[in-house]
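Structure record follows, encoded as structure tokens.
We did not get these values from a lab; they are worked out from the coordinates using the rules stated. Everything numeric here is computed off the predicted structure, so don't read it as measured data. Cβ coordinates were reconstructed from backbone atoms using ideal geometry, including for glycine residues, and neighbour counts include every protein chain displayed.
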Amino acid sequence: MHSLEDLGWSASFEAHYSPIRELGEPARVCAQHRDGYRVLTVSGEARATAAGRLFHEGELPAVGDWAVVARGAVRALLPRRAALTRRHAVGRKAEERAAAAQVIASNVDTVLVVTSLNRDFSPRRLERYLAFAWEGGARPVVVLSKSDLCGDVAARVAETEAVAMGVPIVPVSALAGDVDALAPFLVPRTTVALVGSSGVGKSTLANRLLGEERMAVQQIRTSDDTGRHTTRHRELFVLPGGALLVDTPGLRELGFVEAEDGLDAAFKDIEDLARSCRFRDCSHDSEPGCGVKGAVEEGRLPEDRFGAYLRLKRELAFETRKADRQAALAEKQRNKRLSRAIRRMQEE
């Protein structure tokens, strides 16, 4: 059995819970399945479904949420302290994709961004994950997995440092059981999330941290040196040392919902250079006196990193415009429904 504090409970959650404690007992969502949820309470693990009101309000539980549960139903959710959120679920036709945000994990303190040191290593993908972590309100740590498959780990670490400035970088080989370097980030009663693309070794790493083979793993393909997706759902575990670990499926696509602050943090070097631009609203395109373009021309800023920054900025701007159009359309449809209701009342 665990106390609420062991599960990550804090004074802020207590303050939000006190006014509604008559609704039920506090519980932390530890898994999400198609037919409901599993939650952790001081009495142990239990199953629960979401109350109809939550469906109606579009506020469904996510792994890591603190919920108020009674008689096998989640009656309310406490405000999230932090949330890792991406744009929409993947795997659907473009016209069917929902614009609503999908919460990957909530109330996370640290994000272990896992990327493998084999042929799948990608600094550009890593930049996107770092922005994702910063925007979610969590501290990122880069975990360079499969170090046993890399001939020059030091070179990869240096390459990672160029895109993850100020972020801890930890090479590990989970297959060999070499994960001790992660211990400083696995603080008891704090929540750590594993994120990364499919096949980077998250399940193997989770098993090593858990001290048992609980997550299914598959060997990497020799044809392309990449792993195969194994984790099917998000789940929160209590590690032997007291930290809480959220394992997530590999993300084939990581679309931003909002990430302005996350991009600024992930590309702090560019934001610092932008302060020297002649114009405060410089787009870093053709304006004279651009500090960022000057740094690229002088070789102080790699051109590919600047290009990645611009691509992510354009993507974020596009998603913001699209969200604004969708909000305007929803408001227009709401006004139409209201007008029809008023006309019906006048005709009666």
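Each peptide among 199-209, 20-30 gets the average number of other Cβ atoms lying within 10 Å of its residues, and from highest to lowest they stand as 199-209, 20-30. Taking each of Lys268/Lys313; Lys268/Lys293; Lys202/Lys313 in turn, the alpha-carbon distance tops 25 angstrom for Lys202/Lys313.
Between Ala70 and Arg53, the simple label model (points 7 Å from Cα in the Cβ direction) yields a spacing of 0.9 nm. Each other residue within a Cβ distance under 13 Å of Leu130 adds +1 if Lys or Arg and -1 if Asp or Glu, for a net charge of 0.
A cut-off of 5 Å between modelled amide H atoms, ignoring neighbours fewer than 5 places along the same chain, links Ile104 with Leu84, Thr85, Arg86.
Ordered by the count of other Cβ atoms within 10 Å of each Cβ, fewest first, Lys293, Lys268, Lys146 give Lys268, Lys293, Lys146. Ordered by the count of other Cβ atoms within 10 Å of each Cβ, fewest first, Val195, Val167 give Val167, Val195. Label zone of Glu5 (point 7 Å out along Cα→Cβ, amide N under 15 Å): in the range 181-214 this covers 188-190.
Inter-label distance, Val187 to Asp261: 1.8 nm, where each label sits 7 Å from its Cα along the C-beta direction.
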